[in-house]
């Protein structure tokens, strides 16, 4: 059994650190932010959000369905935020800034720190959709090759 805490369990601790003006950090789990973040091992650093989020921000939010997600803001709607993971088809909705635990200021991928104000991250954001298509194409081809090899 794993002793890792869920985001629901971590929320009070994360909010306390962030509200104290410090940077909170946690390990990511899931596949919704591929290729930026991968399941386990990668980490994200969060800071206190401003008065409101901007399109393009990556935020840890509690959605209107009570789910905890680290997704990108893709639109503003009815005083809340439409969120979507970089590797997702569907969207989530966060009702407002009170449901935002923190906004990403950096990602740690394979031990390398990628700050959200860096040139490499800006380039990633600009080209993330074509990169994702390449990533998905790569895995489709890899799956086919594995299937052929196993025949």
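Taking 0.36 nm per residue of separation and subtracting the Cα-Cα distance, what length does fully extending residue 148 through residue 75 add?
22.1 nm
In percent, what relative contact order does the chain have, based on Cα pairs under 8 Å that are 6 or more apart in sequence?
20
Taking R0 as 35 Å, what FRET efficiency do you get between residue 39 and residue 15 from their Cβ-Cβ distance, rounded to the nearest 0.05?
The formula returns an efficiency of 0.90 here.
Please give the helix 7-19 orientation as an angle from the longest Cα principal axis of the chain, in degrees from 0 to 90, rounded to the nearest 10.
Between helix and principal axis, roughly 50 degrees.
For helix 119-149, report the angle its Cα long axis makes with the longest principal axis of the Cα atoms of the chain; keep it between 0 and 90° and round to the nearest 10°.
Rounded to the nearest ten degrees, it is 40.
What residue among 83, 123, 60 shows peak mean-square fluctuation when the chain is described by a Gaussian network model with Cα springs under 10 Å?
Among 83, 123, 60, the largest mean-square fluctuation in the Gaussian network model of the chain belongs to 123.
Give me the three principal axis extents of the chain from the C-alpha atoms, as integers in angstrom, largest value leading.
56, 38, 33
With springs connecting C-alpha atoms under 10 Å apart, model the chain as a Gaussian network and identify which of 131, 76, 37 has the largest mean-square fluctuation.
131
Where a number appears in this text, it was derived from the coordinates with a stated rule and is not lab data. From a predicted model like this one, the values you see are computed outputs, not experimental measurements. For neighbour counting, all protein chains shown are included, and Cβ atoms are generated from backbone atoms with ideal geometry for every residue, glycine included.
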